[in-house]
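The values are calculated or read from the model by the stated rules, or taken from the named source; none is laboratory data. This structure is a prediction, so every number in the text was calculated from the model and none was measured. Counting neighbours? That spans all protein chains shown, and the Cβs are built from the backbone with ideal geometry, glycine included. Remember, those area values only see protein heavy atoms, side chains included, never the ligands or the DNA or RNA. Shrake-Rupley method; radii C 1.70, N 1.55, O 1.52, S 1.80 Å.
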Amino acid sequence: MTRDATSQRYLSELFSLDGRVAVVTGGSSGIGRAVAGALAQAGASVVVVARREAELSATVDELAADGCRAAWVSGDLSVRDGVRAAAERAVEAFGEPDILVNSAGINLRPPMGELDEEVWDATMAVNLEAPYLLGRRFGPGMAERGFGRIIHISSQQAHRAFVRSGAYGVSKGALESLARSQAEAWSPYGVTCNTLVPGFVMTPLNARLSSDPERVAALAARTMVGRNGLAEDFAGAAVFLAGRASGYVTGQAIFVDGGFSVH
Ligand SMILES: NC(=O)c1ccc[n+]([C@@H]2O[C@H](COP(=O)([O-])OP(=O)(O)OC[C@H]3O[C@@H](n4cnc5c(N)ncnc54)[C@H](OP(=O)(O)O)[C@@H]3O)[C@@H](O)[C@H]2O)c1
């Protein structure tokens, strides 16, 4: 065997997602879109789930143009029936998933004193309840089949107060706890459950903050790498957590933040 073929086979054994099916919520924008692209390029058939159809279909068109297998489901993950319906429609394309990525999230930032029950409920519904319900729907099946990967996208605000963390930080703190509980339940059956923790990433979620050059520069200076995050920065970590290579990594919160959290 040539050196190239040996190296290809080795990399493929560790990281290839050939034959895997992935569901990525929030897969039509920002970090979720980059993760969906990464998993698809690594061989998985990917279903992206979000509300807006134009963004969903543009994402799938882009993946298909790259020769990837992808489908989309439009659903509202802020209501329990919406989550259940989206989950059932998501399996129609390629079957039950081996990989679940929860990237759909919202960050409403009222000052603490004005944080009403509506904002609290909306935040918990999308950021925490949807990942819990989807985990309950897909986790046991993964465990039965002996392989699964659940990846949540949390936030540095699970660990520190930052720009009015409010209900958002609470939801993300709980999401990391959920990952640990899921890991405890399903890791013995080959299902790892982990969290990727972004710092400040230039995506539509942060449109307002990202449009202030002084704040953008100040945040970049708080990292060790010297720049803010890009959605593409999550590709490698996601492929690692989705594949065979990470089989002994579970219950972890892995920071992909350019060193923001350790400065
Ligand atoms: N950007 C950052 O700096 C940063 C930092 C820390 C953590 N994060 C986390 O990373 C994840 C992705 O954020 P992002 O920056 O990539 O944000 P984004 O570009 O705004 O993407 C959010 C995605 O979630 C979907 N979504 C929102 N509400 C939904 C709902 N009710 N039902 C279904 N889908 C819904 C959106 O699509 P529709 O609007 O079409 O539904 C979109 O696809 C989030 O969980 C966020 O909290 C981001």
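If you check SER12, SER45, SER29, which single one turns out to be among the hydroxyl-bearing types (Ser, Thr, Tyr), within 13 Å of the ligand (Cβ to nearest atom) and open to solvent by less than 60 Å² (accessible area, probe 1.4 Å)?
None of the others qualify; the one that does is SER29.
Limited to the range 202-215, what total is found for residues that are away from the ligand (no atom under 12 Å from the Cβ) and either open to solvent by less than 30 Å² (accessible area, probe 1.4 Å) or more than 22 Å from VAL256 (Cβ to Cβ) (or both)?
Filtering the range 202-215 down to residues away from the ligand (no atom under 12 Å from the Cβ) leaves 211-215.
Of the ones still in play, those that are also either open to solvent by less than 30 Å² (accessible area, probe 1.4 Å) or more than 22 Å from VAL256 (Cβ to Cβ) (or both) are 211-214.
Selection size over the range 202-215: 4.
Determine whether the range 52-60 contains at least one residue that is charged (D, E, K, R), surrounded by fewer than 24 Cβ atoms within 10 Å (Cβ to Cβ), assigned to a helix (DSSP H, G or I) and within 12 Å of the ligand (Cβ to nearest atom).
For the range 52-60, residues charged (D, E, K, R), surrounded by fewer than 24 Cβ atoms within 10 Å (Cβ to Cβ), assigned to a helix (DSSP H, G or I) and within 12 Å of the ligand (Cβ to nearest atom): present.
Of all residues in the range 15-26, how many are in a strand (DSSP E or B) and either away from the ligand (no atom under 16 Å from the Cβ) or surrounded by fewer than 18 Cβ atoms within 10 Å (Cβ to Cβ) (or both)?
1
Give the range 161-201 a look and list any residue that's among the charged types (D, E, K, R) and either buried (at least 22 other Cβ atoms within 10 Å of the Cβ) or within 11 Å of the ligand (Cβ to nearest atom) (or both), or say none.
LYS172, the sole residue that qualifies.
If TRP72 satisfies every condition in (1) in a helix (DSSP H, G or I); (2) open to solvent by 70 Å² or more (accessible area, probe 1.4 Å); (3) in contact with a strand residue (DSSP E or B) (Cβ under 9 Å, 6 or more places away or on another chain) but one, which is the exception?
In the conditions (1) in a helix (DSSP H, G or I); (2) open to solvent by 70 Å² or more (accessible area, probe 1.4 Å); (3) in contact with a strand residue (DSSP E or B) (Cβ under 9 Å, 6 or more places away or on another chain), TRP72 misses (1) alone.
Read through the list (1) surrounded by 18 or more Cβ atoms within 10 Å (Cβ to Cβ); (2) more than 14 Å from the ligand (Cβ to nearest atom); (3) of a type in the set (D, E, K, R), then give the number of the only condition that GLU129 fails.
The failed condition is (2).
Give the residues of the range 135-160 that are in a helix (DSSP H, G or I), closer than 21 Å to THR25 by Cα and open to solvent by 10 Å² or more (accessible area, probe 1.4 Å), sorted by residue number. I'd like the intermediate steps shown before the answer.
Kept after step one, since they are in a helix (DSSP H, G or I), are these residues of the range 135-160: 135-145, 156-158.
Next, only the ones that are closer than 21 Å to THR25 by Cα stay: 135-143, 156-158.
Scanning the range 135-160 gives ARG136, ARG137, PRO140, GLY141, ALA143, GLN157, ALA158.
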